[in-house]
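Derivation of every value follows stated rules applied to the coordinates shown; laboratory data play no part. None of the values given here were measured: they were computed from a predicted structure. Cβ coordinates were reconstructed from backbone atoms using ideal geometry, including for glycine residues, and neighbour counts include every protein chain displayed.
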Amino acid sequence: VRFVDRIVTCFCAKIPVDSIRYGLLCKPDGDPIDDVLVYRGAEDVFMVVNAGNAVADMEWIQKHAADFDVTIEDQTRELAMLALQGKGSQAVLQKLAPDLDLSTVGYYKSGFGTLSGMPNIRISRTGYTGEDGFEIYFPDGESERIWNELLEAGGPDELKPIGLGARDTLRLEAGMPLFGHELGVGMNPVEAGLNFAVSFHEDKGDWIGRDALAACKEAPQKKLMGITTDGKRAPREGYALFIGDRQVGTVCSGAISPTKECNIGTSYFPTDVAVAGTAVEMDIRGKRQAATVCELPFYSRTK
């Protein structure tokens, strides 16, 4: 745990057993390497990273492990993960995991149970959609079988498979950052509004990126905000945002929002512009479309 607290922004030593925290791996300058989920076990820590960053993450972790008495095991090729999301997810998954009462697995908690005949399967109440749901981890070779059994079990509840496009719209509506879009070079977690995932508690000790992020917290230069547009064109990554002749932002992500029934997007803005209600213009191949700055998230299931 002491090692994980050295490399991750959240306070791992304070995570209760069988609980989970969102955090980030950061460089000394505060730029994120990846955002991660940290699962606290009784005797170990299980970290879930973005698949596209797995190799770089492992290299970074191993590089900083030399001064600690830890064993690091890469389970990327051994485990598969499926996410079951939505208000009916508990009832559907319970059919495949009869010995684990899923009603006792709270938000950002995890447990182990038999899943479709496989013992000791990790099941967590987590997700990347803004909805209630679960993520399950099991041996890689079982993916197709579990997928089909979930669809069969969820048939009466109209369970449907969705792809990355739908998931991206859901996470965007929920204001969840995507690495490479809202997080990356020059886009640190403090300015991204992820202060809940960054601990400056003195008991955590020093960690990589702490000083840079502490300075940013005291004097942020920009802030991640949402934008909405009523025009026909949805915001797309890379579109420039202007107030008059001044470029004040660049779209990080954008989509048509089925929930809000308008076009939505995200952008970092200087602090003087990052105020809900500020009018900006989005440049689309030389033509301007009106947009309005707003707070994130666009949607919350708890509000």
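Key figures
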item: Equivalent ellipsoid semi-axes - Cα gyration tensor, the stretch 221-294, angstrom; result: 17, 14, 10
item: Gain upon complete extension [Asp157, Thr114; 0.36 nm per residue less C-alpha separation]; result: 13.3 nm
item: Mean Cβ neighbour count within 10 Å, used as a protection proxy, ranking 212-225, 256-269 highest first; result: 256-269, 212-225
item: Backbone HN-Hα couplings from phi across the stretch 221-231 [Karplus 6.51/-1.76/1.60, Hz, Gly and Pro as x]; result: 9, 8, 8, 6, 9, x, 9, 10, 9, 9, x
item: Sequence-separation-based contact order of the stretch 1-219, relative, with Cα cut under 8 Å and 6+ spacing, percent; result: 26
item: In Hz, Karplus ³J(HN,Hα) per residue of the stretch 183-188 (6.51, -1.76, 1.60; θ = phi - 60°; x = Gly, Pro); result: 10, x, 4, x, 10, 8
item: Under 18 Å from the Cα of Lys95 - lysines, other chains or at least 8 residues apart; result: Lys87, Lys160
item: If the convex hull is drawn through the Cα atoms of the chain, its volume per residue in Å³; result: 148
item: Radius 15 Å from Cβ of Leu151, net charge of other residues (Lys, Arg +1; Asp, Glu -1); result: -3
item: Sparse-neighbourhood loop sites, trypsin sites (Lys or Arg not before Pro) in the stretch 111-200 - DSSP loop, at most 12 other Cβ within 10 angstrom; result: none
item: Filter on Lys109/Lys303; Lys222/Lys260; Lys14/Lys63; Lys27/Lys260; Lys63/Lys223; Lys27/Lys223 - keep pairs with C-alpha separation over 29 Å; result: Lys27/Lys260; Lys63/Lys223
item: Using a Förster distance of 22 Å, the FRET efficiency for Glu202-Arg2 (Cβ separation, nearest 0.05); result: 0.90
item: Note, ³J(HN,Hα) from phi for the stretch 274-281, Karplus 6.51, -1.76, 1.60, rounded to Hz, x at Gly and Pro; result: 6, 10, 4, x, 5, 8, 10, 10
